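The values are calculated or read from the model by the stated rules, or taken from the named source; none is laboratory data. All values derive from a computational prediction rather than experimental measurement. For neighbour counting, all protein chains shown are included, and Cβ atoms are generated from backbone atoms with ideal geometry for every residue, glycine included.
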Amino acid sequence: MHGWVTEERARFGGMADHTREQVLEIYEYLDSLTTHHAFLVQRDGEPVALFQTYEPDADPVGECYEVQPGDYGVHILIGPADGRTERGFTGEILRVLIAYVLADPAHRRIIVEPDARNQKAIERMVRAGFELGPEIDKPEKRARLAFFSREPQERRG
């Protein structure tokens, strides 16, 4: 985990200069919360992604936009390729994780908030079906909100 979150490609996650102990403390803290969860996604027994979920009204992001009933926040960090080169891998992981979140009927809309400078992540979310929202200012970054609604008509407006 420490290696993933401190790689250059993960610089927008804000942990590039964190020690192993600091990363451990962050995830131990998340594990202590009932509103935030972290999952290590595996494929064939090998870690391939870090997936975090949170309730926006129990997170600082909830102070930056009007949280709606059924909103559910996620963070996704795809692990290093490590020889994995199949095309569409990231998109498939996103489809699986979106389906996982929406399997709970209480989750009506998925919220992501990538760093506004992370154009690659923003474009990836749009390709996955997220609708772009406003940019917001959080203490640690300027972020771009994006929303994935359960119902296609909700996504249109």
| query | In segment 84-93, is there at least one residue being of a type outside the set (Ser, Thr, Tyr), in a strand (DSSP E or B), surrounded by 15 or more Cβ atoms within 10 Å (Cβ to Cβ) and modelled with pLDDT under 95? | reply | no
| If you scan segment 32-54, which residues turn out to be closer than 12 Å to Ile111 by Cα and surrounded by 18 or more Cβ atoms within 10 Å (Cβ to Cβ)? | Thr53, Tyr54
| query | How many residues does segment 122-146 contain that are surrounded by fewer than 18 Cβ atoms within 10 Å (Cβ to Cβ) and in contact with a helix residue (DSSP H, G or I) (Cβ under 8 Å, 6 or more places away or on another chain)? | reply | 8
| field | Residues (at pLDDT below 95 and under 11 Å from the mean Cα position of the chain (by Cα)) located in segment 55-83 | value | His75, Ile76, Leu77, Ile78
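One line per residue, one yes/no per condition, for (1) among the basic types (Lys, Arg); (2) part of a loop (DSSP other than H, G, I, E, B); (3) touching a helix residue (DSSP H, G or I) at 6+ places or on another chain (Cβ under 6 Å):
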{"position": "Leu24", "(1), (2), (3)": "no, no, no"}
{"position": "Tyr29", "(1), (2), (3)": "no, no, no"}
{"position": "Thr34", "(1), (2), (3)": "no, yes, no"}
{"position": "Phe39", "(1), (2), (3)": "no, no, no"}
{"position": "Gln42", "(1), (2), (3)": "no, no, no"}
{"position": "Phe51", "(1), (2), (3)": "no, no, yes"}
{"position": "Val61", "(1), (2), (3)": "no, no, no"}
{"position": "Pro69", "(1), (2), (3)": "no, yes, no"}
| Subset of segment 3-31 that is modelled with pLDDT of 85 or more and within 25 Å of Ile98 (Cβ to Cβ) - its residue that is surrounded by the most Cβ atoms within 10 Å (Cβ to Cβ) | Leu30
| request: Name every residue in segment 100-131 that is part of a strand (DSSP E or B), touching a residue at least 40 places away in the same chain (Cβ under 8 Å) and within 16 Å of Ile78 (Cα to Cα), in order of residue number. | output: Asp115
